[in-house]
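Just so it is clear, none of the values below were taken in a lab; they were calculated from the coordinates. A quick note: this is a predicted structure, and the numbers were derived from the prediction, not measured. Note: ideal-geometry Cβ built from the backbone for every residue, glycine included; neighbour counts use all protein chains shown.
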Amino acid sequence: MTPESTGQQDVRSYLRILWRWRLPFLACLVLIPAAVYLIEQGKPKVYQSNTLVQLTGQGTAGASGAVAPTNLLAVAQLVTTTPVATAAAAILHPPGRVQTLLHEVTASADTSTGFLTITAHDRSPQRAAAIANAFAAALNGHQTTQAKQGLDVQISAYLTQLAATSNRAQATRAALVQQIAQLRAESDASGSSLQVIERAVAAATPVGPETTRAVEIAIVIALLLGVGVVVLAENGDRRLRAPESLERLTNVPLLGVIPASAFSPGQRGRVRDEGAFQMLSASLMFFNVDRPLSSVAIISPGPWEGKTTVAAGLAVAAGRSGRRVILVDADLRRPMVCERLGITATAGLGAVLTRQLPLAAALIEHPVDAPPGASLRVLPAGPPPPNPSALLASLEMRTLLQELTRQSDLVILDTPAALAVTDALPLFQAVSGVVMIARMNRSSQGAVQRMQSMITSAGGTVLGVVATGSVSAAGYGSGYEYYAKGHRAARRSLLRRGRRAPTHKRSAASPSAAAAPAGAQPAPDNGTPAEPRRAPLVSELSALNGATAPTPADTHPAHARRRYFRWSRG
């Protein structure tokens with residue numbers, strides 16, 4: 001289980017992983033102890049009774065007194081043997097099964113005191129006490145029998161020796177006769193070598209099942225098992241979870257993070273969402289400051305990952321920053337741009353490519369809060385044609401892109417899902433670059449890698465990646481809402497001054513050319529956005545940051561990028 005970040009964020013990353021897989025973790029933590037509790041509750045109650053006996057030396061050591069520890073341990077092991085259990089089963093009423101009794105009885109020896117404890121377990125407290133006492137009596141009879149058998153063996157040996165002794169050896173024969181008489185006297189007088197110190201009585205409370213202990217052990221096991229399930233699930237899950245992991249996976253710049261609120265219809269237009277798209281627009285320009293960007297394709301591995309939302313939001317943000325933007329809905333199979341922007345259109349890109357409608361009639365002006373000269377026009381997709389792949393791969397599409405580039409500063413294309421259909425493949429080489437979209441907790445790492453490989457193989461240039469659907473966009477424009485209230489008046493003042501001030505020259509083919517002062521000569525349009533357009537944005541950022549007007553050196557792309565990031569970090 002690898003945390004999504006490093007350093008001081010490790011603990012928080014592990015907690016986020018645990019929270020992400022909280023359902024299986026809680027299932028293990030709740031179901032396993034609950035199952036153990038139910039199993040333990042279903043078990044019958046078990047009662048325990050103990051009989052305390054003392055083993056003397058009579059009959060075992062040859063004289064009364066303490067018993068050697070080895071003998072005491074041997075007698076304790078003798079309790080759970082079949083002969084003793086057979087004798088105990090015969091004593092019980094009703095008699096019990098020998099194998100069952102062996103599983104219900106244990107014996108322990110205390111060598112320091114010479115005491116032997118016989119413990120019996122049974123569902124009935126009276127039966128448990130009877131079993132313990134029966135085993136004590138059986139052990140006592142077994143010990144007595146063993147002692148007599150030992151004396152009889154010795155008597156037999158002496159008798160054999162006496163028969164083999166000559167009558168002339170009167171002294172030897174007299175000693176043997178005396179030994180035999182003594183052993184017979186001991187055999188006749190031999191009694192029990194066990195003394196019952198305390199008989200077993202019926203217990204009032206059961207000793208099992210041990211529900212509390214079993215549940216405690218089950219909780220520990222469930223905790224370890226839950227952590228193991230989380231580790232396996234996290235390592236087996238290939239979905240992207242954090243924007244940083246997307247940047248590490250693709251090894252291209254992370255241009256922005258679009259929060260999940262941008263996809264909620266009731267929350268669109270919030271200041272934080274607008275700030276995220278403005279951050280994306282500025283990042284796209286400054287991360288590619290050395291590369292002229294006249295057209296950008298927005299692509300995602302699959303549907304419902306936010307490419308249309310990013311394309312529309314980027315187009316609006318770029319228009320507000322002072323550029324002429326044309327948004328093209330190139331998803332001819334399932335167009336969504338018009339729905340996203342609230343535009344009604346009956347024809348669009350399909351009709352233009354088939355020469356059923358001129359381009360000027362298909363373009364729709366979309367109002368944005370932009371400075372003079374800036375604009376946002378939308379080229380809808382129109383009704384789905386029967387051959388979308390052929391239309392997007394046609395020479396007409398390349399010619400149309402060149403024409404749109406001449407009429408604008410930036411062309412943004414909303415393309416079909418890369419791994420669903422191959423319609424967008426011919427567009428990757430025709431545009432200046434491609435922006436890849438991946439939705440957190442939805443897009444898989446393998447899908448993003450396949451999409452990046454597809455773009456590279458088709459001759460496209462990946463400009464960066466955008467993470468969508470993030471719960472928190474911290475570090476990627478989330479502070480914009482804090483500054484927006486204080487800087488909104490300054491921004492409006494800049495826009496008013498911009499309307500009164502003369503703007504730079506526009507191409508005669510642009511619809512905004514009519515807004516230029518009378519007599520102004522249009523600048524030649526060579527199909528690439530004018531480089532001085534970066535300076536007004538730097539001036540605005542500097543003013544919002546409380547700085548003075550930029551000098552000519554400050555308008556250099558490297559200086560502008562540093563000033564922008566200082567402003568974005570607050």
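Summary of values
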quantity	calculated
Amide hydrogen neighbours beyond the local backbone of Ser300, cut-off 5 Å, H modeled	Ala418, Ile437
Contour minus Cα-Cα distance for Ala163 and Ala360 (0.36 nm per residue)	56.9 nm
By average C-beta atoms within 10 angstrom, highest first, the peptides 165-173, 308-316	308-316, 165-173
Relative packing of 322-331, 200-209, 90-99, 252-261, which averages over residues the other C-beta atoms within 10 Å, highest first	322-331, 252-261, 200-209, 90-99
Segment Val368-Ser112, extension gain: residue separation times 0.36 nm, minus the distance between their alpha carbons	82.5 nm
Peptide ranges 412-418, 135-141 listed from the most packed, as the mean C-beta count within 10 angstrom indicates	412-418, 135-141
Length released on extending from Thr145 to Thr81, taking residue separation times 0.36 nm less the Cα-Cα span	21.5 nm
Ratio Rg/Rh [Cα only; Rh per Kirkwood] for region 211-258	1.35
In Å, descending, principal axis extents of the Cα set of region 73-164	60, 34, 17
Virtual paramagnetic centre 7 Å along Cα→Cβ of Arg184, amide N under 15 Å, in region 152-175	152-163, 174-175
Cα→Cβ-extended label distance, 7 Å offset, between Gln449 and Ala390, nm	3.7 nm
Compactness of region 226-340 - radius of gyration and Dmax, Cα, Å	16.5, 55
For region 323-431, radius of gyration divided by Kirkwood radius, i.e. Rg to Rh on alpha-carbons	0.94
Overall form of region 378-441 per C-alpha gyration tensor (a/c, 1.5; a/b vs b/c)	oblate
